[in-house]
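Report on the following structure.
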Number of protein chains: 2
Amino acid sequence: MVTIKDVARIAGVSVATVSRVLNESGYVNTDTRKKVEAAIKQINYTPNEVARSLFKRKSKLIGLLLPDITNPYFPLLARGVEDRMQENGYRLIFGNSDENEFKELDYIQTFVQNNVIGVISSTNFPDSDIYTKLQIPIVFLDRTSNERPSVYADGREGGRIAAKEIIARGSKRITIIQGPAHIKPAQDRFQGAVEVLEEMNMTYNVIQTSSFSYTGVEPWAKELFEKYINTDGVIASNDIVATAVLHEALRLGKSVPQDVQIIGFDDIPLSSLLSPSLSTIHQPTYDMGREAASLLIKLIEQDKVEDSIIQLPVRFVERETTRRNQEKG
Amino acid sequence: MVTIKDVARIAGVSVATVSRVLNESGYVNTDTRKKVEAAIKQINYTPNEVARSLFKRKSKLIGLLLPDITNPYFPLLARGVEDRMQENGYRLIFGNSDENEFKELDYIQTFVQNNVIGVISSTNFPDSDIYTKLQIPIVFLDRTSNERPSVYADGREGGRIAAKEIIARGSKRITIIQGPAHIKPAQDRFQGAVEVLEEMNMTYNVIQTSSFSYTGVEPWAKELFEKYINTDGVIASNDIVATAVLHEALRLGKSVPQDVQIIGFDDIPLSSLLSPSLSTIHQPTYDMGREAASLLIKLIEQDKVEDSIIQLPVRFVERETTRRNQEKG
DNA sequence: TTGTACGCGTTATCAC
DNA sequence: GTGATAACGCGTACAA
């Protein structure tokens, strides 16, 4: 390993001087600087971030905690975070929590042990001791808790839009799929949809699901059509569930969107590749990741931050699982 | 920050003793140990991994470099790596390379600066200086290079299987989609398919694609049916491309699999949710991640490793984009 | 069985 | 302008 001492020896100066040119701190003669830079280049020296981190008590590392990168919604989030962090020289320590509080605690602990300078987490337990006791800046992503820094999409409005659109397009017997009870965005979506349905005096049914995971979405799709065979409109809790519903509807010989309309949530990349392609409520997922990163960077680098709760807008994406809107012609 | 000194002070012993109980090294009296453990619990002490890393010149961190986590193939790989690493107490520093050699170099450098103890990379440049000069254990994942530790699937056999199956199921005018020329597994698949087609004296066409990315797969699907309108069998380079081809075929009013059969590659999670669901060559993606992690752990913890080149088998998954095999009844 | 002292690579303070 | 040197938190000879 090549260290700052080697550079100092070769350049014929002290390590203090090398440190100065490295960090552009303090005075250093132009000639001296050149000698040092030459030495650095000669032996291809790069500073040991671990030693830096030890001394400064903080690293250039960010902890990123996601429920499950295998769920196609999260990679975009992660990518947004990474790209933005990269721009400011921060790197990611990454972990999947599987919505398991113990695993979260374990990861957060590792983050702290590694002197991460901040954490971004899509946790289901934002009010857990894990986070309230955390001494470093934290941003909740796709999650929120009172007054804590967070970035998320407007789920309630998304639910409202989904309900309005599916009604405007002619569904009369709507079934809402309610996502996991403990996940705030899922409940927001659900409530938004219910609100509109109630306002418009529509009858509707509800199917409850317990997870957002890939595995085991089919059973809920089957349950839906067994319990409510006459459903002619489905507001799904996310695109994965919507995809399973679509699959099951087609399997049962139903025409989509003629017999049943389906609206998803998220607009994950595969939605547009389905046949028929999936109408859905678009979330600016990648940008949410970027925003969370930007917010965390502000929290780290600035004293005070004005807006630390960021809600991003959603929008309806019309594709082929909904009929043309008659009203709009 | 609570340090080993605090523990020592509270327990009324020296830091050396605390260190001994922490690392279970050397002798320590049972009573003393209990006092130390009590103190640790009392002030909730956890060792500073940065200081450890500095002293030992290596951390518990692993560098994981993937082309793009947004491509649905890679999250499973990442998950496999993480789960296995977790079991041995290693954590991941993660980065997307975008198949960009400069970004790779940048990340590898960061990994080294952070004392990672090993690297797993799905690089397109395994023979680059970046890797040949690397002083720490490295495992190539879903990639391979002569004699270097690597874990990958048997692409050639996969290509052969795909061709055999699509022929056995009655396709006469087959089009193969050839993945990016610089990615070894893509070429293996292609060659395997071509081999069988040649052996059986079938006529076939080839469409060349330049990337495995999501964006811009549609154009190739369109190109395929414009150039080779009579195609009745498509061997796609991966499931994303296959999905786009399926989408386009249905859009053109073709019946799948009656008019055209489609076989994908990878068996990403969405494949089974498509309508019709996608027949494909299954890769044990998650297990590949795990295997790569296991191999790297061996490389790190053992002196010599017998098999450092691991090729995993693939298999055909029959779903709905292929017809029933007549021969098999 | 336990404690002292040093070094890991870096930065910051303070002389010179 | 530059160079010693202490300190960051930990692990390990070596001494006691």
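The values are calculated or read from the model by the stated rules, or taken from the named source; none is laboratory data. Keep in mind the model is a prediction, meaning the values are calculated, not measured. Cβ atoms come from the backbone with ideal geometry, glycine included; neighbour counts cover every protein chain shown.
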Restricting attention to segment B:48-78, the residues that are within 11 Å of DNA strand D (Cβ to nearest atom) and either on the phi > 0 side of the Ramachandran plot or in contact with a helix residue (DSSP H, G or I) (Cβ under 6 Å, 6 or more places away or on another chain) (or both) number exactly 6
List every residue pair whose Cβ atoms lie under 6 Å apart, where the two residues are 6 or more positions apart in sequence or sit on different chains, the first residue falls within segment B:45-71 and is at the interface with chain A (Cβ under 8 Å from one of its Cβ atoms), and the second residue, located anywhere, is within 11 Å of DNA strand C (Cβ to nearest atom) and in a loop (DSSP other than H, G, I, E, B).
-> B:SER53/B:ASN115; B:SER59/B:ASN115
Can we say B:VAL194 is within 14 Å of another protein chain (Cβ to nearest Cβ) and of a type in the set (Val, Ile, Thr)?
-> no
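Does B:LYS304 count as outside the structural domain of B:ILE183 (by TED's automatic domain parsing), outside any helix (DSSP H, G or I) and basic (Lys, Arg)?
Numbers: outside the structural domain of B:ILE183 (by TED's automatic domain parsing): yes; outside any helix (DSSP H, G or I): yes; basic (Lys, Arg): yes.
So B:LYS304 fits the description; yes.
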Restricting attention to segment B:70-83, report how many residues are within 10 Å of the chain's Cα centre (by Cα), part of a loop (DSSP other than H, G, I, E, B) and over 18 Å from B:VAL139 (Cβ atoms).
-> 0
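For (1) closer than 29 Å to A:GLU104 by Cβ; (2) within 12 Å of chain A (Cβ to nearest Cβ), each residue gets a yes or a no:
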residue: B:VAL81; (1), (2): yes, yes
residue: B:GLN86; (1), (2): yes, yes
residue: B:LYS103; (1), (2): no, yes
residue: B:TYR107; (1), (2): yes, yes
residue: B:GLY118; (1), (2): yes, no
residue: B:THR123; (1), (2): no, no
residue: B:SER128; (1), (2): no, no
residue: B:TYR131; (1), (2): no, no
Hey, could you check segment A:3-27 for residues that are in a loop (DSSP other than H, G, I, E, B) and modelled with pLDDT of 95 or more and say which is nearest to DNA strand C (Cβ to nearest atom)?
-> A:THR3
Subset of segment A:73-94 [under 17 Å from A:GLN283 (Cβ atoms) and hydroxyl-bearing (Ser, Thr, Tyr)] | A:TYR73
Over segment A:259-287, the set of residues at the interface with chain B (Cβ under 8 Å from one of its Cβ atoms) and touching a Leu at 6+ places or on another chain (Cβ under 9 Å) is A:PRO269, A:LEU270, A:LEU273, A:LEU274, A:SER275
If only one of B:VAL28, B:VAL18, B:VAL2 is surrounded by 21 or more Cβ atoms within 10 Å (Cβ to Cβ), more than 10 Å from every other protein chain (Cβ to nearest Cβ) and within 16 Å of DNA strand D (Cβ to nearest atom), which one is it?
-> B:VAL18
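Can we say A:ARG148 is surrounded by fewer than 20 Cβ atoms within 10 Å (Cβ to Cβ) and more than 16 Å from DNA strand C (Cβ to nearest atom)? Even if it seems obvious, please write down each step before you answer.
Numbers: surrounded by fewer than 20 Cβ atoms within 10 Å (Cβ to Cβ): yes; more than 16 Å from DNA strand C (Cβ to nearest atom): yes.
In short, yes.
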Take segment A:115-136 and flag every residue that is buried (at least 21 other Cβ atoms within 10 Å of the Cβ) and within 17 Å of A:VAL81 (Cβ to Cβ).
-> A:VAL116, A:ILE117, A:GLY118, A:VAL119, A:ILE120, A:SER121, A:SER122, A:THR123
What single numbered condition from (1) more than 9 Å from DNA strand C (Cβ to nearest atom); (2) surrounded by fewer than 19 Cβ atoms within 10 Å (Cβ to Cβ); (3) more than 21 Å from B:MET85 (Cβ to Cβ) fails to hold for A:ASN100?
-> (3)
Could you give me the residue pairs with C-beta distances under 7 Å whose first residue belongs to segment B:215-237 and is in the same structural domain as B:ALA193 (by TED's automatic domain parsing) and without any contact (Cβ under 8 Å) to a residue 40 or more places away in the chain, whose second residue is in a loop (DSSP other than H, G, I, E, B) and of a type outside the set (Val, Ile, Thr) wherever it lies, and which are 6+ apart or on separate chains?
-> B:PHE225/B:LEU252
Which one of these does B:PHE55 not meet: (1) buried (at least 17 other Cβ atoms within 10 Å of the Cβ); (2) part of a helix (DSSP H, G or I)?
-> (1)
Go through segment A:276-317 and count every residue that is crowded, with 16+ Cβ neighbours inside 10 Å and free of Cβ contacts under 8 Å to residues at least 40 places away in the same chain.
-> 2
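For segment B:220-242, what are the residues that are more than 14 Å from B:GLY179 (Cα to Cα) and either within 13 Å of chain A (Cβ to nearest Cβ) or not in a helix (DSSP H, G or I) (or both)? Show your work before the answer.
In the first step, residues of segment B:220-242 are kept if they are more than 14 Å from B:GLY179 (Cα to Cα); the result is B:222-223, B:225-233.
B:TYR228, B:ILE229, B:ASN230, B:THR231, B:ASP232, B:GLY233, listed by residue number.
When residues of segment B:27-79 are filtered for being among the basic types (Lys, Arg) and over 30 Å from B:ASN124 (Cα atoms), how many remain? Talk me through it step by step, then tell me what you get.
Going through segment B:27-79, the residues among the basic types (Lys, Arg) turn out to be B:33-35, B:41, B:52, B:56-58, B:60, B:79.
Those still in the list that are over 30 Å from B:ASN124 (Cα atoms) too: B:33-35, B:41, B:52, B:56.
Total satisfying the criteria: 6.
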What are the residues in segment B:196-209 that are under 13 Å from B:ALA236 (Cα atoms) and assigned to a loop (DSSP other than H, G, I, E, B), if any?
-> B:THR209
Checking A:LYS35 against (1) away from DNA strand C (no atom under 15 Å from the Cβ); (2) facing chain B (nearest Cβ under 10 Å); (3) in contact with a helix residue (DSSP H, G or I) (Cβ under 7 Å, 6 or more places away or on another chain), which test does it fail?
-> (2)
